[in-house]
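Student: After the structure tokens below, expect a handful of questions from me.
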Amino acid sequence: MMDDWTNDRTYTWLMSTNTQNQTTIDPAATLDTRFKEAIHAAVPDLPQSQIQTHITASRQPKFGDFQSNCAMPIAKRFKMQPRELAAKIIEHLDVSGVAEPITDANIAGPGFINVTLLPDAISESLGAMDNKQLGIVVPDSPPTVVVDVCGVNLAKQMHVGHLRSTVIGDAIARLYERMGYKVIRQSHVGDWGLPIAMVVEQLITIEDAGEDLSSLTLSELNSMYKKVQAACKAETKALELIQRVGGHAKAEIELNERIADANASLEKAKSRLVALQSGDERSVQVWQRIYDITMNACLSTCKRLHTKITDEHSAGESTYRDELAPLVQDLIDRKIAIEDEGALVVQCDGIKEPTIIRKRDGGFLYATTDLAAIKRRVSKLGGDIVVYCVDSRQSLHFKQVFAAAHKAGYDKTQAGNDATLVHAMFGTVLGDDNKPLKSRSGENLNLTDLLDEAVARASATVAEKNPDMSESDRADISEAVAMAAVKYADLSTERIKDYVMNFDRMLAFEGDTGPYLLYAVVRIRSIFRKANELNIDLSNIESAPFNLNEPSEKALALMLLRYPSLIKNAGQSCEPNRLCSFVYDLASAYSAFFDKCPVLKNNDEQVRASRLRLCDLTGRVLTDALDTLGIPTVERM
RNA sequence: GCCCCGAUAGCUCAGCUGGAUAGAGCAACGGACUUCUAAUCCGUAGGUCGUAGGUUCGAAUCCUACUCGGGGUGCCA
């Protein structure tokens, strides 16, 4: 059902996208160039590098298609009258071939210069965009981007919080890929350290007691994880309170016993960790079991979510174990790390809290591992940009680690530049009580349950809308609709904000939702299916001239032309939600067009061909944008 | 205490880095299916952009203070 007719088509007449100038596609870019020239001529005192044209799309049709807001700031700087300056700029402005002539009548308000594009210019731009790359220009020597995604922990099921690092992280990676960058995904799996040793210890104990663990599931591992965590957690605070307030003596004794038990468990876990770290065969074997069970489940969920995260991207904390001691020694030798209160720390300018990289007892911490990760990602994987798609609560941690890595020079690329380290943080998923979802004990809201519920709801709707559909088609479409709904819900809001988890909102199929976008694509494909049934000749539509006489046609065309700059914008800011708004606006513009402009019903062959081509191009841009978000489309729904 | 983030329609959210009358979706109300898929479209109604100052031709957007909410803060990850 997932088809890619977009890629099946062959385009022979415009494959040379690399040499193509983007300014021929984006009218805003063309206007930018023309305005720059005019401003330079009108205000020679302004250094060319400082010229800003402030070209934006106009909000209201009466102000034309675009406007330049350049006159006001320049007038301020040179103490001129903005409207007079605007008049002077348009004297030097040449918009021939792009827009209608600019006269004094185009100057409005405090000095806005309004621009109305020539219909032919829009058509030409659309034509220039109508190629396989859809107007996106790939850089000659693309940088390498390493994107940190997913980041699950061993022995734990993925919960809704993992949706974010997986789905948003993958979308950021896809955005960079779409820009032509070389992208390497890395999943920093939490597979090392004391918590895992606890589970290993517990499993070995159970196995020694004669229990068969061959059919162990992740769900069982998950509850075991919770149990051993609780068992090792000493309730010292409660004891202190009882001692201070003077509670029941019996309670105090009981608590003391529990603390002793917890300490014993903790000691066992610690020695198990030592055994694991030194390669003890049994420990490693059990650890591997836990790893396999967790990662099998995790990667199958990643696949179900249509992310490109696979086994080869797993780079767990355990893979850094042999790199930590040499790294710490290097930092000591170069006096970057110093001892403080028994711990080894790196102190960085502007950050009060020191970065602790070795505990008093000699153990390493997650900052140590993350330093090693930066080093590997930059020097070994060749990352020019390293993006971390991780919870916002880690912001201080990454601030510290980035600064420490910089101080140590671990962020130096092979070319000798400083790699760009970005924490593309996202907000927490909250429960109804406004607390992070995972803190709700007993509530088993894991990711698989969410996805299953989404599919169940989608299936009901698909069945309702398509009573005659076959069982297998319905299953495929329901799955696609459900994933589109869930992913779009997570991707479409500003990633930094927290949100309260709400099934009904996340699984809505109407309005600004994933299914709405799929629906727009489905309506386009339906037109082409129908055209084939009617034996309408489609062979010439690829070169049909666009004619954009209807307002909804022009609006759709202008929206399409924004695509290349939007990809760049969303990619560079690591904000998939910007692409989401664009896709929604585009689908909206298409829906309005669909309503007002009959395609196949139109008897004028020229108009029909133009509209068919517009539909085709819209379909490809929508599909391409959705693919960039990691949302596959369907043929019907 | 200190640091970071957030606050926009009844609800959920956009707002392209300072532009013209602050936009969508849901919910409400009124229209549009014998028509290329109505999971749609068109319209009506809904706002002191947390509060108070400041910066300037112009502020939801920038600066300051405060209020509320969330998070972090030397040996967990």
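The values are calculated or read from the model by the stated rules, or taken from the named source; none is laboratory data. Just so it is clear, the model here is predicted, and its values are computed rather than measured. Positions of Cβ are generated from backbone atoms using ideal geometry, with glycine treated the same way; all protein chains shown enter the neighbour counts. The area values use the complete protein model at the heavy-atom level, side chains included, leaving out ligands, DNA and RNA. Shrake-Rupley method; radii C 1.70, N 1.55, O 1.52, S 1.80 Å.
Student: If you take the residues in segment A:359-368 that are more than 7 Å from RNA strand B (Cβ to nearest atom) and part of a helix (DSSP H, G or I), which one is surrounded by the fewest Cβ atoms within 10 Å (Cβ to Cβ)?
Tutor: Across segment A:359-368, the extreme among qualifying residues is A:367.
Student: Take residue A:636 and decide whether it is touching a residue at least 24 places away in the same chain (Cβ under 8 Å), touching a Cys at 6+ places or on another chain (Cβ under 7 Å) and open to solvent by 10 Å² or more (accessible area, probe 1.4 Å).
Tutor: It is false that residue A:636 is touching a residue at least 24 places away in the same chain (Cβ under 8 Å), touching a Cys at 6+ places or on another chain (Cβ under 7 Å) and open to solvent by 10 Å² or more (accessible area, probe 1.4 Å).
Student: For segment A:538-551, how many residues are assigned to a helix (DSSP H, G or I) and either more than 25 Å from residue A:527 (Cα to Cα) or open to solvent by 40 Å² or more (accessible area, probe 1.4 Å) (or both)? Walk me through how you get there before you give the answer.
Tutor: Quick first cut of segment A:538-551, residues assigned to a helix (DSSP H, G or I) only: A:541-543, A:551.
With either more than 25 Å from residue A:527 (Cα to Cα) or open to solvent by 40 Å² or more (accessible area, probe 1.4 Å) (or both) added as a condition, the list becomes A:542-543, A:551.
The number of residues fulfilling the criteria is 3.
Student: Since residue A:322 meets every condition but one in (1) away from RNA strand B (no atom under 13 Å from the Cβ); (2) surrounded by fewer than 18 Cβ atoms within 10 Å (Cβ to Cβ); (3) in a loop (DSSP other than H, G, I, E, B), which condition does it not meet?
Tutor: Checking residue A:322 against (1) away from RNA strand B (no atom under 13 Å from the Cβ); (2) surrounded by fewer than 18 Cβ atoms within 10 Å (Cβ to Cβ); (3) in a loop (DSSP other than H, G, I, E, B), the one that fails is (3).
Student: So, restricting to helices (runs of 4 or more DSSP H) that lie completely within segment A:60-134, which ones have at least 1 residues that are over 27 Å from residue A:615 (Cα atoms), without any contact (Cβ under 8 Å) to a residue 12 or more places away in the chain and more than 36 Å from the chain's Cα centre (by Cα)?
Tutor: Where helices (runs of 4 or more DSSP H) fall fully within segment A:60-134 and carry at least 1 residues being over 27 Å from residue A:615 (Cα atoms), without any contact (Cβ under 8 Å) to a residue 12 or more places away in the chain and more than 36 Å from the chain's Cα centre (by Cα), they are A:71-77, A:82-92.
Student: Next question, about the same structure. Taking residue A:60, is it polar (S, T, N, Q) and either closer than 19 Å to residue A:42 by Cα or touching a His at 6+ places or on another chain (Cβ under 9 Å) (or both)?
Tutor: When the stated conditions are applied, residue A:60 does not pass them.
Student: Could you figure out which of (1) in contact with a Ser or Thr (Cβ under 9 Å, 6 or more places away or on another chain); (2) more than 7 Å from RNA strand B (Cβ to nearest atom); (3) part of a loop (DSSP other than H, G, I, E, B); (4) of a type in the set (Asp, Glu) isn't true of residue A:512?
Tutor: Against the list (1) in contact with a Ser or Thr (Cβ under 9 Å, 6 or more places away or on another chain); (2) more than 7 Å from RNA strand B (Cβ to nearest atom); (3) part of a loop (DSSP other than H, G, I, E, B); (4) of a type in the set (Asp, Glu), residue A:512 comes up short only on (2).
Student: On to the next question. Out of A:201, A:211, I need the residue that is part of a helix (DSSP H, G or I) and not assigned by TED's automatic domain parsing to the domain that holds residue A:83. Which one?
Tutor: A:201
Student: Then there's this: State whether one or more residues within segment A:474-491 are on the phi > 0 side of the Ramachandran plot, more than 10 Å from RNA strand B (Cβ to nearest atom) and assigned by TED's automatic domain parsing to the domain that holds residue A:594.
Tutor: No; the residues of segment A:474-491 include none that is on the phi > 0 side of the Ramachandran plot, more than 10 Å from RNA strand B (Cβ to nearest atom) and assigned by TED's automatic domain parsing to the domain that holds residue A:594.
Student: If you scan segment A:567-588, which residues turn out to be more than 13 Å from the chain's Cα centre (by Cα) and within 15 Å of residue A:623 (Cα to Cα)?
Tutor: Hits for segment A:567-588 are A:581, A:582, A:583, A:584, A:585, A:586, A:587, A:588.
Student: Return the residue satisfying two criteria in turn: it lies in segment A:413-429 and is within 24 Å of the chain's Cα centre (by Cα) and open to solvent by 20 Å² or more (accessible area, probe 1.4 Å), and of such residues it is nearest to residue A:393 (Cα to Cα).
Tutor: Filtering first and then ranking leaves A:425.
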